[in-house]
Amino acid sequence: MNTSLDCIPCLLRQSLEAARLVTSDASIHERLLRDALHWAEGMDLTASPPAMAQCLHRRLREMTGVVDPYRESKAWQNRVAMDMVPALEAEVEACEDPLLMAARLAIAGNAIDMGSNGRLTEQDVRQALERALKDPFHGDVEQFRAAVSEAETILYLADNAGEIAIDRLLINQLLPRTITLVVRGFPVLNDATRVDAERVGLDRMVEVIDNGSDAPGTILSDCSQDLRERFAAADLIIAKGQGNYESLSDESGQLFFLFKAKCPVIAELVGQPIGTQMLLMSRDAPAPGHAPGARTA
């Protein structure tokens, strides 16, 4: 998707919030914001919002010398989410439809996003997961169920720290299929990297790779050759989070997006209210039973 004019204030807010995480020096805050405003004048609005955010966060790192402004935030987000996993696992095991339950919890975990909420608290995380089945939901559920049953290889594109711990619930439902978990190649926002995958134990469940990019999404042209080859070869791709939706919504293939609609731009694009849990099939996904290499469960 292209960058909307409404995305620009959000990107500027992200820049200022990230700068305040790094330093209390107001002169650096001002310098970064002035720099971002100057840069915004020449923005290529045909690029996706994650591509814009990538440029702004690179500039922040250059100005401050801080590689990962969100390191401490990601640590507590992983801890809080992992504390909740045992109770959530029990809920999934006890329900009549564990695949859908795990998917909805994984989508609820997408609320752990400092791109949309820079003041995210531990209470916000707990509340998002506790009301997972109360929030509005819109999804291509039967298509997703069929795609999962037919898939032998699954590429799971992770999004945020904390959220990645809740992804364990859905990944458990997808096993024993061959699953590759993909994280960001470098720190950006509170997006998950290899460190986060290891902290929540996903490296002991599935293969974990990074995409080679520092964008808060999956911009295939910016990703490693290995990631692009795996993307093309996978029977099923599960893409978590708004950033992955924003950067991959025009891609074809057996691709499903799991995210919360967290801003007016995305809500209008998907035709659902803000806060809706989305399980959305790619517009160009082949019908179940017609995917290359598909099998019957």
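The values are calculated or read from the model by the stated rules, or taken from the named source; none is laboratory data. The shown structure was predicted, so the numbers you read here are calculated from the model rather than taken from an experiment. Heads up, the Cβs are rebuilt from the backbone with ideal geometry, glycines too, and the neighbour counts pull from every protein chain shown. When the accessible area is computed, the model is the full protein with side chains, heavy atoms only, and any ligands, DNA or RNA have been set aside. Shrake-Rupley method; radii C 1.70, N 1.55, O 1.52, S 1.80 Å.
So the values come out like this:
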item	result
Residue match in segment 7-18 (condition: over 22 Å from the mean Cα position of the chain (by Cα) and surrounded by fewer than 16 Cβ atoms within 10 Å (Cβ to Cβ))	no
Strands (runs of 3 or more DSSP E) wholly inside segment 108-209 containing at least 1 residues that are open to solvent by less than 10 Å² (accessible area, probe 1.4 Å)	153-157, 178-183
Odd one out for Leu45 among (1) among the hydrophobic types (A, V, I, L, M, F, W, C); (2) at pLDDT below 90; (3) more than 16 Å from Asp6 (Cβ to Cβ); (4) loosely packed, with under 15 Cβ neighbours inside 10 Å	(3)
Residue match in segment 43-57 (condition: more than 20 Å from Gln242 (Cβ to Cβ) and assigned to a helix (DSSP H, G or I))	no
Lone unmet requirement of (1) part of a helix (DSSP H, G or I); (2) free of Cβ contacts under 8 Å to residues at least 40 places away in the same chain; (3) surrounded by fewer than 23 Cβ atoms within 10 Å (Cβ to Cβ) for Ile266	(3)
Identity of the residue in segment 74-100, without any contact (Cβ under 8 Å) to a residue 60 or more places away in the chain, more than 20 Å from Gly201 (Cβ to Cβ) and assigned to a helix (DSSP H, G or I), that ends up farthest from the chain's Cα centre (by Cα)	Ala94
Residues that are open to solvent by 60 Å² or more (accessible area, probe 1.4 Å) and not in a helix (DSSP H, G or I), drawn from segment 19-37	Ser24, Asp25
Those residues of segment 210-223 which are touching a residue at least 12 places away in the same chain (Cβ under 8 Å) and either in a helix (DSSP H, G or I) or of a type in the set (Ser, Thr, Tyr) (or both), in sequence order	Ser213, Thr218, Leu220, Asp222
Leu258 vs. criteria within 17 Å of Ala158 (Cα to Cα), open to solvent by 20 Å² or more (accessible area, probe 1.4 Å) and either modelled with pLDDT under 90 or in contact with a strand residue (DSSP E or B) (Cβ under 7 Å, 6 or more places away or on another chain) (or both)	no
Unique match (being within 20 Å of Val188 (Cα to Cα) and open to solvent by less than 80 Å² (accessible area, probe 1.4 Å)) among Ala40, Ala90	Ala40
